[in-house]
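A quick write-up on the structure given underneath.
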Amino acid sequence: MSARLLGIALLLAAAACAQSPAARVASGLDHYYNLEYAQATADFRALTAQEPNSAGAWNHLGLCELYAEMYRIGALESELYGHGDPFLEQKLLPPDPAAVAQIESDLNRARSLAQASIKQDPNNAAAHYDLAVAWAQLGTLEFSIRKSYWSALGDAKSARSEAAAALKLDPKLIDAELIVGAQNYVAGSLPWAVKMFSTLVGYSGDKELGRRQIAEVAAHGEHARTDAAVLLAVVDRRDGLNSAAAPILEGLAREYPRNVLFAVETGEAMEAAGEHDAARAQFQQIISQAAAGAPGFAHAPLGKAWYDLGNIERVYSRWQLAADDYDHAQNASGAQPRYRQAAALAAGQVEEKAGNANAARAEYQRCLALDPDTPAGKAAAEALDH
């Protein structure tokens, strides 16, 4: 099975429960979608103290803890924001066992509370939905952090079953359609041999139906609208529909202006769609906001922004401008090693295009020295041989 596709299905955020205190939930979700996980966790921890028997409250807390850990180890970026550059390999950091144990404990608390509500009233659609969300997040934990794919598949099946039960009991509970739609899309996108096997174990789907269901929640969802919009942008980018994904991401970036990942991904979608001028303006704005100390941009991935700017100048054969951008990428504050090395390789390539053999050789040597065993390092060694 495609791990990336199953990951898309499992990367579902918990929607707010209708019984939760609105102000606390609103504050927590605003922090969460702006990548302010410490503040969001504090809000949701207070929510569980206020409503200790609310499965929705514990789902919120588990969600925030889960995505904070995924963001820390790099799993969030690798699953949602990677753009397929072969020279940008990324190894995840090891997960924190204490954090993983806490996440599992809080999500199991949500699951137990939802199951108790269903036992008391099997027709409680909200409880079935809470249980679906808990299973979906446990599946995300298994998939993205523990890399236990069979366990993740089992959790995903349970999530889908409970979401379908919630919709059957209350067709107006549109948020539950996100879980069903995500898995319809994933199962419908699998290679035919895997799809045949998946059907035998009860994991069948319809890609086009799944996308429509996700889009429906993105347009009309009550609490899961943002989650659906993110997922819709992800699947559109995966299917090469970057012109459709870019405005979705641009809207998310406006709604959550402190989320630098939305801003970066907007630029990359524009770039992939061939909207190079718009993409250039987007990356330049990110760099300017970081320089100005804009909220949320203190840890902007400047190495990535400069690297993407260099790639855009390269499209227009502006070799010197591209080389300058790649130099900025290598020297940007906090630039990840993979971007430093990819930028050194790219700088060597554009210097070579410009006829600057000595400069090209120096860049290739710099790339090789960083790590000779990566795809970028091997490409630099091959370039030096020639």
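The values are calculated or read from the model by the stated rules, or taken from the named source; none is laboratory data. Model, not experiment: these values are computed from the prediction. In this analysis, Cβ positions are derived from the backbone assuming ideal geometry, glycine residues included, and neighbour counts consider all displayed protein chains.
Does D175 satisfy the condition of being farther than 15 Å from R212 by Cβ, crowded, with 17+ Cβ neighbours inside 10 Å, at pLDDT 95 or above and not hydrophobic (A, V, I, L, M, F, W, C)?
So D175 passes the test.
In the stretch 128-157, what residues are within 23 Å of A218 (Cα to Cα) and either assigned to a loop (DSSP other than H, G, I, E, B) or not hydrophobic (A, V, I, L, M, F, W, C) (or both)?
Scanning the stretch 128-157 gives H128, Y129, D130, Q137, G139, T140, K157.
Of all residues being of a type in the set (S, T, Y) and within 22 Å of E177 (Cβ to Cβ) in the stretch 113-150, which is farthest from the chain's Cα centre (by Cα)? Just the residue, please.
Selected residue: S117.
Under 8 Å by Cβ, and 6 or more places apart or on different chains, what pairs join a residue from the stretch 140-167 that is closer than 22 Å to C64 by Cβ and among the aromatic types (F, W, Y) with one that is in a helix (DSSP H, G or I) and modelled with pLDDT under 95?
The qualifying pairs are F143/A3; F143/L6; F143/G7; F143/L10; F143/Y149; F143/A152.
From the list L209, L249, which one is in contact (Cβ under 8 Å) with a residue 12 or more places away in the chain and buried (at least 19 other Cβ atoms within 10 Å of the Cβ)?
So the residue among L209, L249 that is in contact (Cβ under 8 Å) with a residue 12 or more places away in the chain and buried (at least 19 other Cβ atoms within 10 Å of the Cβ) is L249.
If only one of D327, D308, D277 is buried (at least 19 other Cβ atoms within 10 Å of the Cβ) and either at positive phi or modelled with pLDDT of 95 or more (or both), which one is it?
Just a single option satisfies the conditions, and that option is D308.
Of the conditions (1) outside any helix (DSSP H, G or I); (2) buried (at least 22 other Cβ atoms within 10 Å of the Cβ); (3) among the acidic types (D, E), E222 satisfies every one except a single condition; which number is it?
(2)
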